[in-house]
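The structure appears below as structure tokens.
Readers should treat all values here as calculations from the given coordinates under stated rules, not as data from a laboratory. Just so we're clear, the structure is a prediction, and the values are computed from it rather than from any experiment. Glycine gets a Cβ as well: all are built from the backbone with ideal geometry, and neighbour counts include every protein chain shown.
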Amino acid sequence: MKTLYLRTARIDFPTWLKKNNRPTKVMVESIRDIGLINPIIVRRKRSGRYQVVDGILRLKAWKRLGHKRIRCLYYNELEWLQAVIRMNSTVHR
């Protein structure tokens with residue numbers, strides 16, 4: 001896992017995302033007042049761009065506030081698979 005600071009313009013939203021999926025006013029105000037506490041999680045696409053895995057609304061709120069770069073956690077494919085397996089085994093205990 002790496003921490004990256006990416007230009008928000010290089011991050012794509014998943015294709016399944018609904019167009020009307022918007023951050024709430026409270027979320028935007030909280031991020032403006034406190035900052036982004038939890039970084040978003042991204043994966044790298046074959047095109048070299050990144051896709052949001054977790055934190056879609058946080059990214060939208062961040063962009064709405066006019067920020068051009070965001071702190072992200074990046075997992076390569078193997079690390080991501082291992083994390084998913086660990087989470088799945090924890091849920092089923």
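I'm checking my understanding of the structure. Among residues of segment 1-59 that are within 10 Å of the chain's Cα centre (by Cα) and part of a loop (DSSP other than H, G, I, E, B), which one is surrounded by the most Cβ atoms within 10 Å (Cβ to Cβ)?
Gly55
Mind listing just one residue for me: the one in segment 68-85 that is outside any loop (DSSP other than H, G, I, E, B) and touching a Ser or Thr at 6+ places or on another chain (Cβ under 9 Å) and, of those, nearest to Lys45 (Cα to Cα)? Let's see the steps before the verdict.
Quick first cut of segment 68-85, residues outside any loop (DSSP other than H, G, I, E, B) only: 69-74, 77-85.
Next cut, touching a Ser or Thr at 6+ places or on another chain (Cβ under 9 Å) only: 69-74.
On the way: Arg69: 18, Ile70: 18, Arg71: 18, Cys72: 15, Leu73: 14, Tyr74: 11 Å.
If we take residues in segment 68-85 being outside any loop (DSSP other than H, G, I, E, B) and touching a Ser or Thr at 6+ places or on another chain (Cβ under 9 Å), then Tyr74 is nearest to Lys45 (Cα to Cα).
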